[in-house]
Amino acid sequence: MIQLVWAVALLWQSLETSTTTVAGFSALPFGRLSIAPQSASVRRDSPFFSATSLLMARQANSRAPPVMEQRPPMNNEITASELRVVAPNKLGKDEPLGIMSRAEALAKAQEMGGLDLILVNANSDPPVCKIVDYSKYRYMQEKKAKEVKKNSKATEIKEVKMSYKIDVHDYEVRKKNAIKFLKQGNRVKCSVMFRGREVQHDKLGFELLDKLATEMEAVCVREGRPKREGRVLAMIVSPRPEVLKAVNENRRAIEKAKKKKKSEEKEQRAAAAAAAASTTAGVGSFGVNGSLGAMSDDDGDDSGSDELLDIEADIESSLDDLFGSDDLTDDLFS
């Protein structure tokens, strides 16, 4: 009985002292709500405390600002007095319209159908502006960025692992693989692994990595001194600029060859479709001419029918000469 009274007293005390404030509201006992002017906070000693209320409080305190669109200066936002103006032609290429004042450029944009005057290069003298619809310009810029992102290959970090007691042949294999990765345009992480008490011989690991970097100087540069990472001694090397240039040129050549092959296939398909269309047209004209010829023969005199009778008589006479004339042969070819 005493324990029950003690439990009821503790419960009543907790209900009197507990409040939970979430997003400007405080939860009082018996389910009543009252507006709380203080900031969003949750008392952990409250019986109303829960993970949901804590999450709501954190979301109320951490509201990210809205992302604003980065637009180039356009129309009346352009402050330069003299501009070099270009506009796209029917083929989609930029055609220069010459140097003109800001007012003339705005008037020209209005004459071309109420288009926008967009500043595309503010560093040139005079600044370069383009007359185009802004929505179309933004779409083309996003499409170009997607194409660049799709065609560009992200640089990867390859890794070659070895021991400080590595043999000569295994060392040459690791070096060959590292050079191959570097010529592909990738960064390479050279790691020396230590086991147990071998870590006290880290000096030999430093010497091994220095030797490897020195022998690959023709294709790589170091990004810093080797660093200890636990029981691993690592050094990162990156390809030289001339190696990256050769990789990019090779990649562009491959892309150019693919585009050329695609255009040739497209031209071949177009030529095949044109040939098929011309063949179909020729067959149709032949059918029409044949039907017209048959109609003209029907409408003419009986000279054509007489010629057919003469041809049949010649065939019968030739058959008689070949097989002989008897009743069986006549019944067979009648």
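Readers should treat all values here as calculations from the given coordinates under stated rules, not as data from a laboratory. The model shown is predicted, which means the values in this text are computed figures rather than measured ones. As a convention, Cβ positions derive from the backbone with ideal geometry for all residues, glycine included, and neighbour counts pool all protein chains shown.
Side notes on the structure shown:
- Asn248-Arg138 pseudo-label distance in nm [points 7 Å out on the Cα-to-Cβ vector]: 3.0 nm
- Region 130-231 - percent relative contact order, Cα under 8 Å, separation 6 or more: 26 percent
- Potential lengthening between Glu255 and Phe206 on full extension [0.36 nm per residue; Cα-Cα distance subtracted]: 13.5 nm
- Stretch gain in nm, segment Arg71-Asn89, where the contour uses 0.36 nm per residue and the Cα spacing is subtracted: 4.1 nm
- Additional length obtainable on full extension of the chain from Ala80 to Ala7, 0.36 nm per residue less Cα span: 18.3 nm
- Cα→Cβ-extended label distance, 7 Å offset, between Glu198 and Ala274, nm: 7.0 nm
- Counted charge near Gly114, where neighbours are those whose Cβ lies closer than 14 Å (Asp, Glu -1; Lys, Arg +1): -1
- Label-point separation in nm, Arg174 to Glu111, each point 7 Å along Cα→Cβ: 7.2 nm
- Shown here: region 104-223, whose C-alpha atoms stretch 80, 28, 25 Å along the first, second and third principal axes, sorted largest to smallest.
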